[in-house]
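Read the structure below first, then the notes.
The values are calculated or read from the model by the stated rules, or taken from the named source; none is laboratory data. Here the structure is a predicted model, which means the values were calculated and not measured. Ideal geometry is used to build each Cβ from the backbone, glycine not excepted, and the neighbour counts take in all protein chains shown. Quick note on the areas: whole protein, heavy atoms, side chains included, nothing else; ligands and nucleic acids left out. Shrake-Rupley method; radii C 1.70, N 1.55, O 1.52, S 1.80 Å.
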Amino acid sequence: MPEYPTTFMGWVLFLLERYSAQFLNGTITTLEIAIAGTVLGCVLGFIVGVIQSAVVDSHASPVTRAVNRVLKVIAGIYVEVFRGTPMMVQAMVVYYGAAQYFDFNMNSLLAGILVLSINTGAYMAESVRGAITGIDQGQLEGAYAIGFTHVQAMTRVVIPQAFRNLIPQIGNMFVSSIKDTSVLNVISVSELFFVARGVTGSFYRFFETYVIISVIYLVLTFITSRLLGLLERKLDGAKDYELVADPEVA
């Protein structure tokens, strides 16, 4: 009969050696879902945020005003629903609802990415709306004064500044997405937490197994936070610059 470890560290090393491939695959899947979900969610959030913050001129046609109003209502409902319900429940509704009512057996990984994207987009939409409305309105008026349309003013003046201000928020959403992937185990997505559940079924070493994946999650979020901090400092530019005045102007 094989001998098994008798200490905490012994079990940790034993499980790591025996299930290292499974832990690695679960980590890779977690990162894939987090990256795809954050990117797609940010795109969706920007679209919804722009719709929510859009201002239609009072002289616009009735059709334009009506379309804008309908889009805002749809965007508002979307944000309220997906911010007001748990992502675990959303995953169950999307995955099993698609199979039961539309006869569409969705791949669990794609379903997980879809749910995370929609959930991230709902939270990003509010941040985008706040970032856009926080831009000085004088910049919009200046853009209109030089002949920009509303779309041109948004894409060339407002959104680039809003995106820069949202980089910390996007980073926080990505860190949250790494951790939120764990709830997708309810639809059998083979991410890190799902792998851990399988490992615990072999030797019933719950504590050691979940300590291992806790460390993995911590390493992922720690590295991500530090990389995002470096990106922010890079975008801020050098702090030791000097203002050089033109002698003729002086």
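Things worth noting here:
- In this structure ARG156 has an accessible area near 150 Å², from a 1.4 Å probe over the protein heavy atoms.
- Using C-alpha pairs below 8 Å separated by at least 6 residues, the relative contact order for segment 1-120 is 36 percent.
- Helix 206-236 axis, angle to the chain major axis (alpha carbon atoms, nearest 10°): 20
- Percent carbon-and-sulfur accessible area, the chain, ignoring ligands, DNA and RNA, probe 1.4 Å: 65
- For the chain, the per residue solvent-accessible surface stands at 60 Å², with DNA, RNA and ligands left out and a 1.4 Å probe.
- Residues with amide H under 5 Å from that of SER188, placed H, sequence gap 5 or more: none
- Added length on full extension, which subtracts the Cα-Cα distance from 0.36 nm per residue, LEU13 to LYS234: 75.6 nm
- Over segment 175-226, Cα pairs under 8 Å with separation of 6+ residues give a relative contact order of 39 percent.
- Helical mean residue ellipticity (222 nm; -39500 (n - 2.57) per DSSP H run of 4+; nearest 500) of the chain: -26000 deg cm²/dmol
- The angle between the Cα long axis of helix 192-203 and the longest principal axis of the Cα atoms of the chain comes to about 10 degrees, rounded to the nearest 10.
- Compared with the dominant principal axis of the Cα atoms in the chain, helix 159-180 is inclined by about 10°.
- Prolate/oblate/rounded call for segment 91-218, Cα gyration tensor, a/c under 1.5 rounded: oblate
- Simple point charges give the picture: +1 on the Cβ of Lys and Arg, -1 on the Cβ of Asp and Glu, and for segment 50-132 a dipole about the Cα centre of about 200 debye.
- Inter-probe distance in nm under a simple model that places probes 7 Å from Cα toward Cβ, at ASN165 and VAL70: 3.1
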